[in-house]
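K.L.:
Dropping a structure here in structure tokens format, bear with me for questions.
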Amino acid sequence: NVRRGSFAAYLPIDHPDIKEFLRIRGEGNPIQEMSFGVCIDDEWMRSLIDGDRQKRSTWAALIRKRFETGYPYIFFTDTANQ
């Protein structure tokens with residue numbers, strides 16, 4: 001018996017390609033089976049809470065994707081480093 005390996009790709013939420021990254025597992029996207037996650041730091045979250053429109057748009061896309069597919073994983077980097 002051999003267990004297959006698995007992999008999850010992570011991208012910082014402020015990466016310029018984050019919107020494209022969030023399309024993984026989307027209908028018509030060639031990447032359907034890869035697990036993926038987003039890294040978020042405290043500074044980004046504070047800006048989101050303070051009302052930054054671009055961050056709110058990215059957050060909405062992330063939450064929508066998570067509701068539809070169960071992905072991306074969300075990794076809070078500053079919390080992990082404390």
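K.L.:
If amide H atoms are built 1.01 Å from N in the plane of the peptide, which residues on other chains or at least 5 residues away come under 5 Å of the amide H of GLY37?
P.N.:
When sequence neighbours closer than 5 places are left aside, the close amide H contacts are ALA9, TYR10, LEU11, TYR73.
K.L.:
Tally Lys and Arg at +1 and Asp and Glu at -1 over the other residues with C-beta under 11 Å from the C-beta of ASP41: what net charge comes out?
P.N.:
Details: positive: ARG46; negative: ASP14, ASP42, GLU43, ASP78.
Every neighbour counted, the sum reads -3.
K.L.:
In addition: What dipole magnitude, in Debye to the nearest 20, does region 1-70 give about its Cα centre under +1 on Lys/Arg Cβ and -1 on Asp/Glu Cβ?
P.N.:
Computed about the Cα centre, the dipole is about 320 debye.
K.L.:
Which angle from 0 to 90°, rounded to the nearest 10, does the C-alpha axis of helix 53-69 make with the longest principal axis of the chain?
P.N.:
30
K.L.:
Antiparallel versus total DSSP beta bridges in the chain: what percent is that, nearest 5?
P.N.:
Details: 0 of 9 bridges.
Looking only at bridges with both residues in the chain, the antiparallel portion is about 0 percent.
K.L.:
Something else now. What residue among TYR73, MET34, ILE49 has its Cα farthest toward the positive end of the dipole of the chain, where the charges are +1 on Lys, Arg and -1 on Asp, Glu, each on the Cβ?
P.N.:
MET34
K.L.:
Then there is this: What is the log10 of I(q)/I(0) for region 8-81, computed with the Debye formula using one identical point scatterer on each Cα and no solvent, at q = 0.12 Å⁻¹?
P.N.:
Cα-only, vacuum Debye calculation for region 8-81: -0.31.
K.L.:
For the chain, build the charge dipole from Cβ charges (+1 Lys, Arg; -1 Asp, Glu) around the Cα centre, then report which of ILE24, ASN1, PRO12 sits farthest towards its positive end.
P.N.:
ASN1
K.L.:
Helix-derived [θ] at 222 nm for the chain: sum -39500 (n - 2.57) over DSSP H runs of at least 4, divide by residue count, nearest 500? Please report the intermediate quantities before stating the final value.
P.N.:
Values: 4 runs with 34 residues, N = 82.
Taken over the chain, the calculation gives -11500 deg cm²/dmol.
Values quoted throughout were computed directly from the atomic coordinates according to the rules given, and no laboratory measurement underlies them. What you are looking at is a predicted structure, and each value in this text was computed from that prediction instead of being measured. Positions of Cβ are backbone-derived with ideal geometry, glycine not excepted, and every protein chain shown enters the neighbour counts.
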